[in-house]
1. Once you charge only the Cβ atoms, +1 for Lys and Arg and -1 for Asp and Glu, what is the size of the charge dipole of the chain about its Cα centre, to the nearest 20 debye?
2. Calculate the length of the line joining the C-alpha centroid of the range 143-176 to that of the range 28-58, in whole Å.
3. Quote the FRET efficiency, to the nearest 0.05, computed for K149 versus K3 with a Förster distance R0 of 41 Å and r equal to the Cβ-Cβ distance.
4. Placing +1 on the Cβ of each Lys and Arg and -1 on the Cβ of each Asp and Glu in the chain, which of Q153, L78, A17 has its Cα farthest towards the positive end of the resulting dipole?
5. Taking K and R as +1 and D and E as -1, what net charge do the other residues with C-beta under 10 Å from the C-beta of E45 add up to?
6. Given a cut-off of 20 Å, what percent of all Cα-Cα pairs of the range 24-175 lie beyond it?
7. Would you mind checking the tilt of helix 2-21 against the longest principal axis of the Cα atoms of the chain, expressed as 0 to 90 degrees and rounded to 10?
8. Quick check: residue separation of Y10 and L117 times 0.36 nm, minus the Cα distance between them. What number comes out in nm?
Amino acid sequence: MVKMAKFFGYLLFFAFALALFAPKDGVYFLFEKELSKYDVVISDEHLKEELFSLNVDGLNVWAKGVESMNIESADLTLLLFYNTINLKNIALADILKSYVPTKIDSLEASYSIIDPLHVKAEAVGEFGEARVSFDIVERSLTLKLTPSKEMLQGYKRTMRMLKKDEDGAYSYAKTF
C-alpha cells in the first residue's frame, strides 16, 4: 500500500512539475505552426507567461490572406489533465456581418482526460449563447444555440440552416 501511495505521489509531483516548467510559449508557437498548414496566420500578439498559463493579447487572425477576426485577449491554461483557452472580446470581420453578429464577448474551449474524445466550447455574444462539442474520433461537430433577439430578427437566413429543438434552442451538426 505504501509503494502504491509513493507511486501516485511521484506521478502527481511529476505532472505538477511538468505543467509548471513546460515552455508554454513553445506550445503556443507549435499551435500557430499547425494553423499555418490551413492558411491561418496569427499576428501582432503579445505573450506573457504565467505560472500555469500563457496570456496572449492583441491577436489578429488572418485566414487565407483575409483578416478574419481580432481577439483582445486569450488565456491558455496548459495542464496535463485539463487544458483550456479563454478568448475575450472577439470582433469578427465585417465581411461576416450579413451572416452573424460580429461581436463575441467570450469563448471558452476545454479538453479534459476525463472525456478524452471530445473538445467542448461555450461562447456568449451578440448572437446569444452557444455550446459546441467536437468528437475527435467521429470528426463531428455539434452546436446548440440559444439565440438572442438580434440573431432571431436580423439573421433569418442563417437561422434557417439550424434545426429548432423542443426547448426553443437551435442545433446544428456536421461531420468532417
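Bear in mind these aren't lab numbers, they're just calculated from the coordinates by the rules spelled out. Just so you know, these numbers come straight off a predicted model, no measurement behind them. FYI the Cβ positions are ideal-geometry reconstructions off the backbone, even for glycines, and counts take in every protein chain you see.
1. With Lys and Arg at +1 and Asp and Glu at -1, about 600 debye.
2. So the separation of the two Cα centres works out to 31 Å.
3. So the FRET efficiency works out to roughly 0.10.
4. Going by the Cα projections, it comes out as Q153.
5. Local charge sum for E45: -3.
6. 56
7. The angle comes out near 50 degrees.
8. Full extension of this stretch gives 35.8 nm more.
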